[in-house]
Amino acid sequence: MEFKKNSLREKIRRGETVLGTALYSFSPALIELAGYTGLDFCRIDNEHAWRQDESGENMIRAGLLAGICPLMRVDRDNPYLVRKALEAGAGGVIVPHVHDRKDAEAIVQAAKFPPFGKRGYGGLCLSGQWGVNGGVEWMEWSNAETLVIPMIEDISAIPHLDGILATEGVDAVFFGPADFSVSAGVPLQTGHEKVMTGLRKAIEAANKHGKFVIFPGAGFPQWETVHKCKELGVHAIELGHDVTILRAVWAKTIQALKTGPGGA
C-alpha cells in the first residue's frame, strides 16, 4: 500500500486557508461527517475529553476513510501518548502548554524516529498497516509527513515563540485563546487585546520560520470571525466543537419554537 502525503500539510504548502473542527464526543460518525462535508482537519480532543482506549483509534480510522486529517491532542509531559497517537494513525499531534524551545524539542523527540528523535519502533499498528508495510519506508514517511504542533496558551511562552517555531520538526503552533486569556489576567475574554496581541506575535513568528498557526477562533455561529482570522494571517481555522455547535443549534431552535414566528 502507498503511504500518502499529509493532506493538511500539502494544502498549507499550496497557500490554502484550511478549515477544521474539534470533537469531544469521540464519535467516528461525526469525524466522517466532518470529512464528507469538506473540512480539512479535525482535532480529536484527548486532553479534556478522557479517552485512552480503542475509541481514539476508531476515530482516526474514520477520519482517514473520509479524507480529513485527524489531529490528536494529548496531555503534555507524557511522550508515550505522542507515539501512541501517531501509531494509531493520527496525521499529527497537538501538545498543550508548551512554554519554550526545550518543551518543543521534547515533543519532536517523542514524535520522530532516529536520527531526528527517540521514538521507539513498533510497526504492528494502524499507521504501519499492521506490519505489512511497517518497515523503514514507514519510519521515513512518518518522520516526513506527521505534524508536530505545540500549543501556545500561556503568556509566559510569548518571549519564547521564536525558539519554539525555530525548532526543527515543529510544523505549526496551535494558539489557545481561552487558557491564554486566563494566564494574561483577563479570564475567558478571548477577544481581549492582550490575547489578540499574543496571537499576532505567534503569527509573526510562524511566518518568519515558514510555519503556520491554528486558531480556534470561529465558534458557531460567529462565522464573521473566520474573515478576521484570515486577515490576521491565520492559515488554519477551527470552526467550533461538536458539543458547542450542537448546543447552539438546540438552544436557538428551542428559543425560536417557544417564542413563535412573531417573536412573542
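Here are the numbers:
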read-out	value
Boolean, residue 118 is basic (Lys, Arg), outside any loop (DSSP other than H, G, I, E, B) and either closer than 30 Å to residue 195 by Cα or modelled with pLDDT of 95 or more (or both)	no
Of residues in the stretch 74-105 being touching a residue at least 60 places away in the same chain (Cβ under 8 Å) and part of a strand (DSSP E or B), the one farthest from residue 158 (Cα to Cα)	92
Hey, residue 172 modelled with pLDDT under 95, within 24 Å of residue 44 (Cβ to Cβ) and either surrounded by fewer than 15 Cβ atoms within 10 Å (Cβ to Cβ) or within 22 Å of the chain's Cα centre (by Cα) (or both) or not	no
Unmet criterion (only one of (1) hydrophobic (A, V, I, L, M, F, W, C); (2) over 23 Å from residue 139 (Cβ atoms); (3) outside any helix (DSSP H, G or I)) for residue 71	(2)
Residue check for residue 150: modelled with pLDDT under 95 and within 27 Å of residue 23 (Cα to Cα)	no
Of all residues making up the stretch 41-82, the number that are surrounded by 21 or more Cβ atoms within 10 Å (Cβ to Cβ) and of a type in the set (Lys, Arg)	2
Single residue of the stretch 127-148 satisfying the filter (assigned to a loop (DSSP other than H, G, I, E, B) and within 20 Å of the chain's Cα centre (by Cα)) that is nearest to residue 211 (Cα to Cα)	146
Cross-chain or 6+ apart pairs with Cβ under 8 Å, the stretch 247-260 first and under 21 Å from residue 24 (Cβ atoms) and touching a residue at least 24 places away in the same chain (Cβ under 8 Å), then surrounded by 10 or more Cβ atoms within 10 Å (Cβ to Cβ) and of a type in the set (A, V, I, L, M, F, W, C)	248/220; 249/220
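Matching residues to (1) modelled with pLDDT of 90 or more; (2) within 23 Å of residue 72 (Cα to Cα); (3) not in a loop (DSSP other than H, G, I, E, B):
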{"residue": "160", "(1), (2), (3)": "yes, no, yes"}
{"residue": "185", "(1), (2), (3)": "yes, no, no"}
{"residue": "195", "(1), (2), (3)": "yes, no, yes"}
{"residue": "203", "(1), (2), (3)": "yes, yes, yes"}
{"residue": "237", "(1), (2), (3)": "yes, yes, yes"}
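The values are calculated or read from the model by the stated rules, or taken from the named source; none is laboratory data. Only a predicted model underlies this, so the values are computations on that prediction, with no experimental measurement involved. So basically every Cβ, Gly included, is an ideal-geometry build from the backbone, and we count neighbours across all protein chains shown.
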